[in-house]
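Okay, so here's the structure we're looking at.
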Amino acid sequence: MNQSASNNLRLNSYWMPFTANRSFKKNPRIVVSADRMHYTKADGGMLLDGTAGLWCVNAGHRRPKIVEAVQRQIEELDYSPAFQVGHPKIFELASRLVELMPGELNHVFFTNSGSESVDTALKIALAYHRVNGESSRFRLIGRERGYHGVNFGGISVGGLGANRKMYGPMLTGVDHIRHTHDLTRNAFSRGQPEHGVEFAEDLERLVQLHDPSTIAALIIEPMAGSAGVILPPKGYLPRIREICDHYGILLIFDEVITGFGRLGAPFATEYFGVIPDIVVTAKGLTNGVIPMGAVFVKNNIYDAFMTGPEHLIELFHGYTYSGNPVATAAAIGTLDTYLDEKLLTRAGEMSSYWEDAIHSLCDLPHVIDIRNMGLVGAIELEPRSGEPTKRAFEVYLKTYEKGVLVRTTGDIIALSPPLIIEKEHIDQIFSEIANALKEVK
Ligand code: PXG
C-alpha cells in the first residue's frame, strides 16, 4: 500500500458525525492542541475559536482549574457506580448548581450529553403526570426549527427536517408549534426582535386541537441555537409561560446552548425572567472537557416522585455514567473557573461591542440578516441559486484558512466564542468574515 492509500484508509475508518465525510477526507482540517481562545492546526497555524468548540468551551481551552481537577480525580476515584452508590463530589456539584438556578429548580438529574438530558426531561415530564394521577397527559409538544439533540425523543420533538426525515415515525403523540423566525418584520434586529409575540398563540391552537388534558409538556430552546440563532420576540416567552400555566402543561427550557453564561446571565431563564418547570443543560457544564449533562426540576416535580415505600426505586431511569466522578470533577473545576473569573455575566459586558461589530457587516454582499444576543451572533446569507448552504460553507472554509473558526448551518454563519474573548479577537473574527464575504460569489 502506498503512503497516500494508507493515509486515506486511516481517515476512512472514522465515520465522522454531522460532517461531509468524503469532502473532509480529501482536505482534512485537523487541530492538535488548544489554549484559551485558540487551537493550533496540524500545520502549526493558529485558529481563533469563534464558536467555543461546539458552543461548549465557555471558559476557553485547557483552563488550569479544570485540567488539575480532572487529573487529581482520575488518580483518586476513577469510577463509582451510579446506581445505589454515591461519591462526595456529585452531591457537592448538585448543591452548587441548584444554587445558580432561580426559583424552585432545586433538584438535578445527571446525564452525559444534551441529547440524553432532553430524553430524560421528556421522560420525567411524562412520568410526573402519571404519578400525579393525570396519565392522560401523554402528548409532547416541540417547535419547528427546534434542536433537541439526536436521540429518538429529541428528534421527535425537534423541528429540523434533515435530522428527522430518515428515521421513520419516531415518537407518537408529538406535535409542534411554529417557529418565530420572521425576516420580513425583524431583519437586522439588535437583540430581541420587536415583532412576533403572537407566535405564542400557536400553542393555544394545539391546545384546542388536542385538548389540554392530553398534553404533558412543551419543550423549547429559549433562544434556538442550531437552527441558526433564532431569538424570541419580545413578550413571547412570558406568554408561553402563561399559556402553559393556564392548562397545566409543563414548560421545559432546553438550555444546552444558553446555559452557563452564553447570554450574559448564568441561564436564559434568568436572562428572560421566565422560569420553566424543567431546565435541560449539558455543554458548558464541564466546559466541553468531559461529557456531562444535567436536568433541573422544580420541587413539586421531585416531591411527586418521593412517595410510596421508601425501599423502592422512584424513577426507573439513569445511565452508567450519570454523575461519573471524573466528569463531576471537570464540572466543579469549570464552575470554579466561571465564578472566579465572573464569566457567567461577562457576555453581558462584552455584548454591546460584539453587537456593534457584527452589525457593521450589514452592507456586505449576500447578507440578508444579522442578529445577536449576549455572545451569540448570526449572519444569514442569501442562498446561492440552486446550491443552498454552499455560499456559507465557502465562507467557513475561507475563514478557517485565515485562522478563524466559525459554524454554519444552512446559509447562516453562527458565532458563539468562549466567554473570555477580548475586543481584538472580536475585531479579528469580523474582519475575516468580512473579507470572506467580499470574496465568495
Ligand atoms: N439541545 C440543544 C438546544 C442543543 O443545542 C443538544 C440538545 C444535544 O446535545 P448533545 O450533547 O447531545 O450534542 C444540543 C446540541 C451547532 C451544534 O453548531 C449544536 C449542537 C451540537 C453540535 C453542533 O449548531 N447542539
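The values are calculated or read from the model by the stated rules, or taken from the named source; none is laboratory data. All of these numbers come straight from a predicted model, not from anything done at the bench. No Cβ is skipped: glycine too gets one built from the backbone with ideal geometry, and neighbour counts run over all protein chains shown. In case anyone asks, the SASA skips ligands and DNA or RNA and just uses the protein heavy atoms, side chains included. Shrake-Rupley method; radii C 1.70, N 1.55, O 1.52, S 1.80 Å.
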>> If I compute solvent accessible area with a 1.4 Å probe over the protein chains, what percent of it on the chain is carbon and sulfur?
In response: 53 percent
> Which residues' amide hydrogens lie under 5 Å from the amide hydrogen of ARG36, considering only partners 5 or more residues apart or on another chain, with H built in the peptide plane?
Replying inline: HIS61, ARG62
> What number, in percent, do you get for the relative contact order of the stretch 324-441 if the mean sequence gap of Cα pairs under 8 Å and at least 6 apart is divided by its residue count?
Replying inline: 24 percent
> Taking a temperature of 4 °C and a viscosity of 1.567 mPa s, what whole-number D in µm²/s does Stokes-Einstein yield for the stretch 77-154 with Rh from Kirkwood over alpha carbon pairs?
Replying inline: 86 µm²/s
> Using a 1.4 angstrom probe with every protein chain in place, what is the largest-first accessible-area order of MET16, MET37?
Replying inline: MET16, MET37
> Can you list the lysines whose alpha carbon sits under 17 Å from that of LYS402, skipping same-chain ones fewer than 8 residues off?
Replying inline: LYS41, LYS438
>> Using only the heavy atoms of the protein chains and a 1.4 Å probe, how would HIS148, HIS181 rank by accessible area, largest first?
In response: HIS181, HIS148
> Leaving out same-chain residues fewer than 8 places away, which lysines sit with a Cα under 21 Å from that of LYS283?
Replying inline: LYS65, LYS89, LYS123, LYS342
>> As a test of the formula, what do you get for the chain when each DSSP H run with n ≥ 4 contributes -39,500 (n - 2.57) and the sum is divided by the residue count, at 222 nm and rounded to the nearest 500 deg cm²/dmol?
In response: -11500 deg cm²/dmol
>> Accessible area per residue for the chain in Å², computed with a 1.4 Å probe and the full protein assembly in place, what is it?
In response: 45 Å²
> How large is the Kirkwood hydrodynamic radius of the stretch 392-441, in angstrom, based on all distinct alpha carbon pairs?
Replying inline: 11.1 Å
>> Viscosity 0.890 mPa s, temperature 25 °C: give me the Stokes-Einstein translational D for the stretch 336-441 in µm²/s, with Rh taken as the Kirkwood radius over C-alpha pairs.
In response: 173 µm²/s
> Which three lengths, in whole Å and largest first, does the chain cover when its Cα atoms are put on their principal axes?
Replying inline: 65, 56, 48
>> Tell me the accessible surface of TRP55 in square angstrom (1.4 angstrom probe, heavy atoms of protein chains only), to the nearest ten.
In response: 20 Å²
> Just by accessible area at a 1.4 angstrom probe, what is the order of ARG139, ARG145 from largest to smallest?
Replying inline: ARG145, ARG139
>> Along the Cα→Cβ direction, 7 angstrom out, place labels at LEU364 and ASN299. What is the inter-label distance in nm?
In response: 5.0 nm
